[in-house]
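The values are calculated or read from the model by the stated rules, or taken from the named source; none is laboratory data. Everything numeric here is computed off the predicted structure, so don't read it as measured data. Neighbour counts run over all protein chains shown; Cβ positions are idealised from the backbone, glycine included.
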Amino acid sequence: MAVVRLFSGRWNHCGRVLMAASINMTESDVPTEDVQVEEKKSALYTLKVLAAVREAQLAHGLRHNDYQLYRQYCSRRIRRLRKNLDFIQGDRRNFRKKDVTVEVLKDERFLLIPLMTVERCWAYAMQLKEESQQDSRKKFSMRNKLRKAAKYVGAFEKLVEESGVCDARTQLEVEGYAAWLKGTVLFELADWTHEWDKPVEFFNKALAIYSKLKDAVSEDEAEIYASRLQELEVKLRFCKHHLGDRSATDTLLAMRGNEALGDKLDNLLASARERQAATLSEVTWKGRNLAVKHEKVRLFLLNEGLIHEELEKITKALHIIVRDDLKNDPTFKPRQQVNTGPVSPLHFLHTYLSYHRLNLTILRNKALVDTYQKIVSGEIEVEDGKKAPKLQDLVRLQEIIIQNLNDLTHLPGLEDDDELKQSVEGQVLAYKAHRCYYVAESFMKLEKWAEALILYERTLTYIKSASKNKSETSMGKSLEKLSAMVDSKKFTAHAQAILASESMVPDVSRLSIKNKKMLIERLDEYIEDSSLTSKHPNVAQVPSPMTSVPCKPLFFDLALNYIEFPSLDDKVEAKKQTPAAAAGGVE
């Protein structure tokens, strides 16, 4: 109560001061009509609706399609705006609804209240749309929220038009935003009502407004309007497709992965291909007409625009399906093992699918090779948390491509196709050249210069052989680029090999310290020895050490003096003793 009285006292005081000032004013001080008009023009409110909405969406959840987070943000934003503008509706007990009207609109921030209210209803509807995939009953709540959003945006558009305090751009922005939202609501409800002509009117209106705004704003703001225009064009084509426009259908089938339609575009593609598959009964390939009985095979043959990984999975599954049917064919297994003999139509269809599978594997590995090359060369940075590819990975991919190309020529029914063999031969030589180059690069990193130099020469040999093959022209530019790279790397490897061979010569200082060999002892080895020019050169030992020298003896008769003969005592008989001598004694 004290706060209220304080504010009321201040307002009464201000009123008395203003009244006194008005009494003292003369007629010359009264503002004229022209001044009032200028003040009114300068006080026009400006609200960039699309920029404000896009900034709020990207900052609060819609960057990751989290509609619940964005809806909660809109509720908090409305509560803060009402509190700051002293426009609170009360609490749960004493709730009094307060809508933003022309009389209340005294600040441009009041325009954000109805805008955030519309955004909250739209975000809630999109949240329920995602949840309806699990619970189909939430579709009814989604439609009610969409209708409520259309009601709120109509009131917002009417408020801006009747207020007269908004500039021309704000009025145009609100009008375009309202047309887009009303068209979006009718577009989402058209799956239930089947009234595809109603959204077209609003989408055309929004398209015209945003096209004008795009030309009138700066380049930074024009990007926002360009993305909204792209979304409107896609939805318009989808509506025209349901209205029977064939050109719009063809355009939609060319648009794959567009986020403006979500799952509707995938459903459209599936239904269109199913209708086309119903009329597809045979395929002509390599001069033979192949009957297509399986419905899944027909759908595959129409899926020429999908991603390579998805196509490869579908091709493998179809390969198994046709192979199961061929189990009943007694000639299937023998013909798979032998490269000669006739091929049945169903067996040739199996060959056709195998041919597609191998081609798709080659295309996928080509894309991986291009990506790895850019990462290894430094053109592209590796994403966080992922390992950088190595040169060994590039070599492995090239080997897989070569193996798949060789398998193409061994498919049943294609052994006698000379044109295919010649084309595959040229491609194999080209990929062998690339593989040899990456092996040489790995040797360069290991500082094995001689091996790298030999592999570079072999790469050039493969390039020359591949260029002689006239049937293969698709890899001509890549081979020319590879040849230029090999020429530069070859000279580098040659120079490094020479430097490495020179570095293998032993160092003089280490030799003199460890071995201390004199010059006379290493005459067969050239070393720049700076000690030879010093005061005490290490050339030879002076005087030289005494050595024994063999020569011719002077006296040959002296040689007998040094000869030792064996003892012959055991060969000589002992003398017989006399009896007198035997009994001798002292006489």
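Before moving on, here are some points about what is shown:
- Residue within the stretch 563-575 that is modelled with pLDDT of 65 or more, exposed (fewer than 10 other Cβ atoms within 10 Å of the Cβ) and of a type in the set (S, T, Y) present: yes
- Within the stretch 178-229, being crowded, with 18+ Cβ neighbours inside 10 Å and of a type in the set (G, A, S) holds for A178, A179, G183, A206.
- Qualifying residue in the stretch 452-466 (condition: buried (at least 18 other Cβ atoms within 10 Å of the Cβ), closer than 22 Å to L363 by Cβ, not assigned by TED's automatic domain parsing to the domain that holds L353 and not hydroxyl-bearing (S, T, Y)): yes
- Some residue of the stretch 417-428 being farther than 18 Å from M475 by Cα and not in a helix (DSSP H, G or I): yes
- Selected residue (only one of Q127, Q134 is more than 20 Å from L62 (Cα to Cα), out of contact with any Gly (no Cβ under 8 Å at 6 or more places or on another chain) and among the polar types (S, T, N, Q)): Q134
- Neighbours by Cβ (under 6 Å, 6+ apart or cross-chain): first from the stretch 383-402, closer than 26 Å to M475 by Cα; second small (G, A, S): L391/S442
- Considering residues of the stretch 58-108 that are at pLDDT below 90 and among the basic types (K, R) only, the residue nearest to E162 (Cα to Cα): K106
- Top-ranked residue in the stretch 318-372 [being of a type in the set (D, E, K, R) and at pLDDT below 75; ranked as surrounded by the most Cβ atoms within 10 Å (Cβ to Cβ)]: R335
Table: residues versus (1) under 47 Å from the mean Cα position of the chain (by Cα); (2) aromatic (F, W, Y); (3) within 21 Å of T46 (Cα to Cα).
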site: R79; (1), (2), (3): yes, no, no
site: N84; (1), (2), (3): yes, no, yes
site: V104; (1), (2), (3): no, no, yes
site: F110; (1), (2), (3): yes, yes, yes
site: Y124; (1), (2), (3): yes, yes, no
site: E131; (1), (2), (3): yes, no, no
site: M142; (1), (2), (3): yes, no, no
site: A155; (1), (2), (3): yes, no, yes
